[in-house]
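Below: one structure, written as C-alpha cells.
All of the numbers you see were taken from the coordinates with simple rules; none came from a lab. Since the model is a prediction, treat every value here as computed from it, not as a measurement. Cβ placement follows ideal geometry from the backbone for every residue including glycine, while neighbour counts extend to all protein chains displayed.
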Amino acid sequence: MATAQNDLTEEGFDYSQRGQWLRAAILGANDGLVSVASLMMGVGAVNQDVEAMIISGFAGVVAGACSMAIGEFVSVYSQLDVEVAQMKRDSRMMENKAEKRKNYQILFMQAAVASTLAFSLGAIVPLLSASLVGDHKVRLGVVVGAVSLGLVIFGWIGSILGGTHVVKSCFRVLFGGLMVMAITFGLTKLIGSSGL
C-alpha cells in the first residue's frame, strides 16, 4: 500500500486536497446508511408493520439530510471564526481574513452539498430494501444485509478516493455500522418488552 501511495505521490496528486468534501461525503453516506437503518431497526424491534418502518425511515432521511447540511454550516463557520480570531490576535492583514472567508464559503458549499446528497443516497438503501419485503423477520435481515453491503461499498469508495487501505476502511465502516444497528435494535427491543 505504501508503494501505491508513493507512486501516486510521485505523479503529483495530493489526496489531502479532497479532504474536506471527501470527509463530508463519507460521513454523510455512512450516517445515512447507519442512522436511518438503525432507526428502522429500532421501530422494527417493537412493530412488525412495514409502513411504520418506512415512515420512520423517511422521517430519518429528511431530518438527517437537513441536519447534515446545517452541521456542515456550523462546523465550517466555527472553524473560520477560530482562525479569524487567531489572525486578529496575531495582527495579520485584513486581506488574509477576506481570502480565508472566501475559501471557507467554497468549502462550506462543497461539504454541505456532498454530505446532504451522500446522506440521502445512503438512506435510500434501507428504505428500498425494507419496502421490498413483506415478512417481518426476513425484512429485518434484508435491511441488515443491504446496509452491510452499502457500508462496504462506501468504505471502498472512500478508500479509493482518499488513497487509503481498502480492507481497513471497509472493515472499520462495516463494524461500526453493524454495532450501531445491533445496539439500537437490542435497546429498543428491551424497552419495548418492558412495557415502558
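This ranking places Ser193, Ser75 by how few other beta-carbon atoms lie within 10 Å of each, fewest first, which gives Ser193, Ser75.
As a footprinting exposure proxy, order Met179, Met53 by other Cβ within 10 Å, with the fewest listed first.
Ascending number of Cβ neighbours within 10 Å: Met179, Met53.
Full extension of the chain between Val74 and Met87 gives 2.7 nm of extra length, using 0.36 nm per residue less the Cα-Cα distance. The 3J(HN,Hα) values that the Karplus relation (6.51, -1.76, 1.60; θ = phi - 60°) gives for the range 179-190 are, in residue order, 5, 5, 5, 5, 5, 4, 4, x, 5, 5, 4, 4 Hz. Gly and Pro appear as x. In terms of Cα atoms, the Rg and Dmax of the range 99-196 work out to 17.6, 58 Å. The alpha-carbon atoms of the range 18-186, seen along their principal axes, cover 65, 33, 23 angstrom, with the largest extent given first.
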